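Asker: Below are the structure tokens for one structure; questions will follow.
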Amino acid sequence: MKDWKRTLVSPKTSIRDTIRQITESALQIALVTNAENNLLGTVTDGDIRMGILKGLDLSEPVEKIMQRCPYVCRKGEGREAILATMKLKRLHHMPIVDDNEIIVGLELIDDLVGAPPRDNIAILMAGGLGSRLHPLTETCPKPLLQVGDRPILETILLNLIDNGIRRFYISVNYMAQMVMEHFGDGSNWGVEIRYLQEKQKLGTAGALSLLTERPESPILVMNADLLTKVNFGDLLDFHTMHHSKATMCVREYNHQIPYGVVKIDQHHFLGIKEKPVKRYFVNAGIYVLESEVIDNIPPDTYFDMPQLFESLQQQSPEIAVFPIREYWIDIGQMNDLIRATNDFRSEF
């Protein structure tokens with residue numbers, strides 16, 4: 001049983017420190033309380049991501065993003081009553097308070113019913129050449145390169161299994177046979193694995209046109225050279241909650257200009273800002289798609305995910321972005337592989 005008291009923060013705790021508290025407690029929630037332990041609000045992963053998208057600085061107090069009227073159950077309510085409320089409200093966490101609104105416990109849906117398998121399928125794009133990692137990839141496809149004590153793609157598979165995914169497709173092209181021999185039909189991991197075999201390079205989206213089924217549940221698509229601790233369950237729930245046709249995971253990228261930037265109006269000096277930091281969101285290579293979106297991908301054609309999202313954006317406003325705040329690394333070059341290897345023990 002995890003210690004729920006490690007989730008307690010004050011309203012003036014910074015968002016950054018709250019993220020650290022959520023990570024360390026491993027309970028995916030922070031409970032905001034005053035000095036008397038009265039529950040003032042809650043903060044979940046979704047609240048943090050929305051704050052990031054609104055441009056809030058992580059040094060700002062957590063009270064700016066907390067949910068001020070969270071659902072609670074009372075001390076003494078039975079397990080079945082708490083579970084029924086959580087199912088009705090589709091909640092993963094339920095704070096327990098006494099008659100004075102003092103927090104006395106925290107129930108998790110996974111503790112009450114166990115983490116259920118999801119209906120979603122995951123498609124892992126493993127057909128790339130990995131040319132920037134030569135000479136390693138001359139004899140081994142990049143998804144099978146060892147990081148820590150197992151191949152990159154095996155770590156991705158295990159993370160998705162931990163999040164309830166049980167059905168997988170792996171898109172293969174370069175050294176396809178090696179990937180297929182390693183993973184087989186998935187029975188070694190208690191899951192089902194099938195393959196999308198590209199006869200030619202189809203890009204980061206083109207291989208999806210090879211999928212013959214159209215599942216009712218959203219499809220998770222991920223590049224097979226990424227290592228991340230993103231909560232895929234939260235990602236899928238976010239996509240559904242926002243009624244999105246397609247969701248792209250994004251990663252914040254900050255670029256500091258190493259000079260003083262001068263503001264001017266024609267020939268007039270208006271001011272100067274020393275070494276400003278420019279803030280961007282970049283594509284993180286993880287996506288969730290409604291199955292009908294696949295019909296927008298031309299068959300047997302090289303087609304990348306940015307092309308797909310740009311075409312979808314012209315058709316529908318229901319395109320979302322999901323900011324990743326967890327550990328994430330794209331293993332594209334040798335220094336990325338070295339860093340991932342060094343990080344593996346602490347992160348995975």
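The values are calculated or read from the model by the stated rules, or taken from the named source; none is laboratory data. Keep in mind the model is a prediction, meaning the values are calculated, not measured. For neighbour counting, all protein chains shown are included, and Cβ atoms are generated from backbone atoms with ideal geometry for every residue, glycine included.
Asker: Only one of these is of a type in the set (A, V, I, L, M, F, W, C), touching a residue at least 12 places away in the same chain (Cβ under 8 Å) and part of a helix (DSSP H, G or I): LEU112, LEU40. Name it. I'd like the intermediate steps shown before the answer.
Answerer: Details: LEU40 fails: part of a helix (DSSP H, G or I).
Selected residue: LEU112, the only one of LEU112, LEU40 that is of a type in the set (A, V, I, L, M, F, W, C), touching a residue at least 12 places away in the same chain (Cβ under 8 Å) and part of a helix (DSSP H, G or I).
Asker: Right, something else. Quick check on my filter: what residues within segment 22-37 are surrounded by 14 or more Cβ atoms within 10 Å (Cβ to Cβ) and either of a type in the set (S, T, N, Q) or out of contact with any Lys or Arg (no Cβ under 6 Å at 6 or more places or on another chain) (or both)?
Answerer: Of the residues in segment 22-37, the ones surrounded by 14 or more Cβ atoms within 10 Å (Cβ to Cβ) are 22-23, 25, 27-33, 37.
Hits for segment 22-37 are ILE22, THR23, SER25, GLN28, ILE29, ALA30, LEU31, VAL32, THR33, ASN37.
Asker: A further question follows. Filtering segment 274-304 down to residues that are over 22 Å from GLU326 (Cα atoms) and surrounded by 17 or more Cβ atoms within 10 Å (Cβ to Cβ), which residue is nearest to the chain's Cα centre (by Cα)?
Answerer: For segment 274-304, the residue satisfying everything is GLU290.
Asker: It is to be established whether one or more residues within segment 272-289 are hydrophobic (A, V, I, L, M, F, W, C) and either farther than 30 Å from MET305 by Cβ or not assigned by TED's automatic domain parsing to the domain that holds ILE219 (or both).
Answerer: Yes - at least one qualifying residue is present in segment 272-289.
Asker: Kindly indicate whether any position in segment 258-271 is charged (D, E, K, R) and within 30 Å of ASN335 (Cβ to Cβ).
Answerer: No, that holds for no residue.
Asker: Ok, one more. Select from segment 57-73 the residues that are without any contact (Cβ under 8 Å) to a residue 40 or more places away in the chain and surrounded by 13 or more Cβ atoms within 10 Å (Cβ to Cβ) and write down the one among them that is farthest from the chain's Cα centre (by Cα).
Answerer: Per the stated criteria, the residue is CYS73.
Asker: Related question: Can you tell me which residues in segment 172-228 are more than 22 Å from the chain's Cα centre (by Cα), surrounded by 14 or more Cβ atoms within 10 Å (Cβ to Cβ) and of a type in the set (D, E, K, R)?
Answerer: ARG194, GLU198, listed by residue number.
Asker: Same structure again: For residues that are outside any helix (DSSP H, G or I) and touching a helix residue (DSSP H, G or I) at 6+ places or on another chain (Cβ under 6 Å), scanning just segment 305-347, find the one that is surrounded by the fewest Cβ atoms within 10 Å (Cβ to Cβ). Reasoning before the result, please.
Answerer: Filtering segment 305-347 down to residues outside any helix (DSSP H, G or I) leaves 316-333.
Next, from what is left, pick out any that are touching a helix residue (DSSP H, G or I) at 6+ places or on another chain (Cβ under 6 Å): 319, 322-323, 327, 329, 331-333.
Working: ILE319: 18, PHE322: 23, PRO323: 17, TYR327: 15, ILE329: 17, ILE331: 25, GLY332: 16, GLN333: 11.
Only one residue tops the list, namely GLN333.
Asker: Continuing with the same structure: If a residue has to be surrounded by fewer than 20 Cβ atoms within 10 Å (Cβ to Cβ) and not in a strand (DSSP E or B) to count, how many in segment 1-20 make the cut?
Answerer: Of the residues in segment 1-20, 13 are surrounded by fewer than 20 Cβ atoms within 10 Å (Cβ to Cβ) and not in a strand (DSSP E or B).
Asker: Could you say which residue among ARG118, ARG132 is under 30 Å from ALA205 (Cβ atoms) and part of a helix (DSSP H, G or I)?
Answerer: Only one candidate qualifies: ARG132.
Asker: Tell me which residues, restricted to segment 231-273, are more than 17 Å from ILE52 (Cα to Cα) and assigned to a loop (DSSP other than H, G, I, E, B).
Answerer: HIS243, SER244, LYS245, ILE257, PRO258, TYR259, GLN266, HIS267
Asker: Another question about this same structure. Could you list all residues from segment 32-46 that are farther than 14 Å from LEU106 by Cα and in contact with a helix residue (DSSP H, G or I) (Cβ under 7 Å, 6 or more places away or on another chain)? Outline the logic, then answer.
Answerer: Start the filter on segment 32-46 by keeping residues that are farther than 14 Å from LEU106 by Cα, which leaves 34-36, 40, 45-46.
Those that are farther than 14 Å from LEU106 by Cα and in contact with a helix residue (DSSP H, G or I) (Cβ under 7 Å, 6 or more places away or on another chain): ASP45, GLY46.
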